[in-house]
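As structure tokens, the structure follows; a few thoughts come after it.
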Amino acid sequence: MSIDYSKFAFPKPAKKEKNKNYIINKRSKKQNKLERERDKNLSKSGRCEYCKRYFKKLDPHEIYGGSNRTRSIRNRFVALLCRDCHSNEAIIQELKEITQLEYEKTHTREEFIQLIGKSYLR
């Protein structure tokens, strides 16, 4: 037996579906530990590694982010960048190429592709 709420003065509100796109994944304990180890050795004030200007606050940037973020931290593919350089996609792409060239001085390209997933050199 169901009740028709449309005739009442205050009808029962319809149920809203929750939007699951807004949920942000929390970092795992393992990821937090890696970031603490990374930050322990970094001085967060000084010169930006790209533009060489002095800043009181620099952001540590993992060169290869996303699923390769942990690999970037472990292999020290981290650069201290100012906010302007950190948000510039052209600079980030150039840093990826430079980092790959540095890595290939001691390793092969196949090892880099196996580690990161693709080559960033043109």
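The values are calculated or read from the model by the stated rules, or taken from the named source; none is laboratory data. These numbers come from a predicted model, not from an experiment. Using ideal geometry, Cβ is built from the backbone for each residue, glycine included, and neighbour counts are taken over all protein chains shown.
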* To do: State whether the residues of segment 52-67 include one that is under 21 Å from residue 119 (Cα atoms), touching a Pro at 6+ places or on another chain (Cβ under 9 Å) and aliphatic (A, V, I, L, M).
  => no
* Cross-chain or 6+ apart pairs with Cβ under 8 Å, segment 52-67 first and among the aliphatic types (A, V, I, L, M), then at pLDDT 90 or above and assigned to a loop (DSSP other than H, G, I, E, B) -> 58/48; 58/82; 63/77
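Condition check ((1) of a type in the set (Asp, Glu); (2) surrounded by fewer than 12 Cβ atoms within 10 Å (Cβ to Cβ); (3) within 14 Å of the chain's Cα centre (by Cα)) across all residues:
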residue: 61; (1), (2), (3): no, no, yes
residue: 77; (1), (2), (3): no, no, yes
residue: 82; (1), (2), (3): no, no, no
residue: 102; (1), (2), (3): yes, yes, no
residue: 109; (1), (2), (3): no, no, no
* **Residue satisfying condition, being under 30 Å from residue 99 (Cα atoms), at pLDDT 85 or above and of a type in the set (Lys, Arg), within set 36, 47** => 47
* Within the bounds of segment 2-18, is there any residue that is closer than 27 Å to residue 75 by Cβ, of a type in the set (Asp, Glu) and either at pLDDT 70 or above or in contact with a Ser or Thr (Cβ under 6 Å, 6 or more places away or on another chain) (or both)? -> no
* To do: Run down 110, 97 and say which single residue is farther than 23 Å from residue 43 by Cβ, in contact with a Leu (Cβ under 7 Å, 6 or more places away or on another chain) and charged (D, E, K, R).
  => 97
